[in-house]
Amino acid sequence: MTIAAVAFDLDETLAVPTRDRETLLVEAVEATGAPALTRQAYLEAHGEHLTAETREPIFESLLSGRDTEATAADLAAAYRERVTGALVPVPGVEDLLSDLRRRYRVGLLTNGPVVAQHDKVRTLGWTDAFDALLVTGSLEAGKPDRRAFEALLSELGTDAAETAYVGDDVDADVAGATDAGLPVVQVCYPGGPEPDPRAAAHVDRDDLVSDLPVVLAAL
């Protein structure tokens with residue numbers, strides 16, 4: 001079946017942080033006087049709150065039982081400010097999205113709280129860059145749950161087999177989209193997940209702009 005739509009993950013696929021997330025978390029903790037938190041603990045808590053409005057439930061769980069005057073709201077705001085401020089587009093990706101929309105329906109499906117992810121999209125200037133823009137914080141379930149991808153397909157108005165999904169994460173993106181019936185293009189980069197054989201194709205992030213249109217045409 002010919003590809004009629006292409007949808008993307010956001011973080012580490014279309015946009016990348018200029019500083020590592022561990023450092024940004026440490027800075028947010030220090031700014032609010034919160035007790036030390038690890039990136040791994042944050043990721044585990046994040047995975048349990050993929051349908052949240054904000055990051056507050058994430059930090060509430062991390063601060064629970066800790067002796068601190070720091071609030072989850074303050075910590076969420078401090079971390080959001082730092083993460084959003086450190087995010088930059090993959091070079092040339094705005095032109096890529098514009099070019100793809102001339103041929104395909106183009107969507108975004110990103111895991112995370114509504115406020116945080118929409119803040120990233122607004123800061124990047126991408127509020128009008130997609131035909132469908134979904135944040136799992138406003139859905140029934142997050143990736144890799146097939147319901148997240150079904151919501152995406154509903155918004156795009158396309159079938160799974162004709163909708164390519166582009167992302168880097170092996171579990172959320174490759175496994176999730178594949179299980180939902182979408183052909184997957186895995187984005188690879190140094191220090192990222194290894195290429196997964198379940199993906200229909202693999203593209204180096206540095207070559208995303210030049211190579212993705214060719215890959216999509218061949219699917």
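Modelled spin-label separation between S154 and R103, with each label point placed 7 Å from Cα along the Cα-to-Cβ direction: 3.0 nm.
By the helix-only formula, in which each DSSP H run with n ≥ 4 contributes -39500 (n - 2.57) and the sum is divided by residues, the chain has a 222 nm mean residue ellipticity of -11500 deg cm²/dmol. Comparing Cα centroids, region 41-120 and region 183-217 end up 23 angstrom apart. Considering only E69, E162, E150, the mean-square fluctuation computed in a Gaussian network model of the chain, springs between alpha carbons under 10 angstrom, is largest for E69. So if we plug the beta-carbon distance of E140 and D95 into 1/(1 + (r/R0)^6) with R0 = 30 Å, what FRET efficiency do we get, rounded to 0.05? Efficiency, from the Cβ-Cβ distance: 0.30. Per the Cα gyration tensor, the chain maps to an equivalent ellipsoid with semi-axes of 31, 17, 15 Å, ordered largest to smallest. Working ranking of peptides 36-46, 112-122, 96-106 by packing, defined as the average number of other Cβ atoms within 10 Å per residue, highest first, is 112-122, 96-106, 36-46.
Between 0 and 90 degrees, the angle of helix 114-124 with respect to the longest Cα principal axis of the chain falls at about 60 degrees. Across A175, A31, A78, mean-square fluctuation computed from a Gaussian network of the chain (C-alpha pairs under 10 Å connected) peaks at A31.
Within the set of other residues whose C-beta is less than 10 Å from the C-beta of L109, count the net charge using Lys and Arg as +1 and Asp and Glu as -1.
On the way: positive: K143; negative: D9, E155, D173.
Once positives and negatives cancel, what remains is -2.
Distance between the modelled labels on T71 and V114, one decimal in nanometres: 2.0 nm (7 Å Cα→Cβ projection). On a per residue basis, region 73-137 carries 40 Å² of accessible surface, using protein heavy atoms and a 1.4 Å probe. Electrostatic tally near A31: other residues with Cβ closer than 11 Å to its Cβ, Lys and Arg +1, Asp and Glu -1, net -3.
Apolar share of the accessible surface for the chain: 46 percent from carbon plus sulfur atoms, 1.4 Å probe. The relative contact order of region 100-141 comes to 53 percent, based on Cα pairs under 8 Å that sit 6 or more residues apart. Work out the charge dipole of region 26-139 with +1 on the Cβ of Lys and Arg and -1 on the Cβ of Asp and Glu about the Cα centre, then indicate which of G125, G112, V26 is farthest towards its positive end. Ranked along the dipole, the leading option is G125. Bridge orientation summary for region 1-151: considering DSSP beta bridges with both residues in this region, about 25 percent are antiparallel. Spin-label model, A31 to L219: label points 7 Å out along the Cα-to-beta-carbon direction sit 3.6 nm apart. With R₀ fixed at 35 Å, the C-beta to C-beta distance from D20 to D179 puts the FRET efficiency at about 0.70. FRET efficiency for the E48 to A4 pair, using the beta carbon distance and R₀ = 25 Å, is estimated at 0.15.
The values are calculated or read from the model by the stated rules, or taken from the named source; none is laboratory data. Owing to the predicted nature of the structure, the values given are computational and were not obtained by experimental measurement. Virtual Cβ from ideal backbone geometry, glycine too; neighbours counted across all protein chains shown. Surface areas here come from the heavy atoms of the whole protein model, side chains and all, with no ligands, DNA or RNA. Shrake-Rupley method; radii C 1.70, N 1.55, O 1.52, S 1.80 Å.
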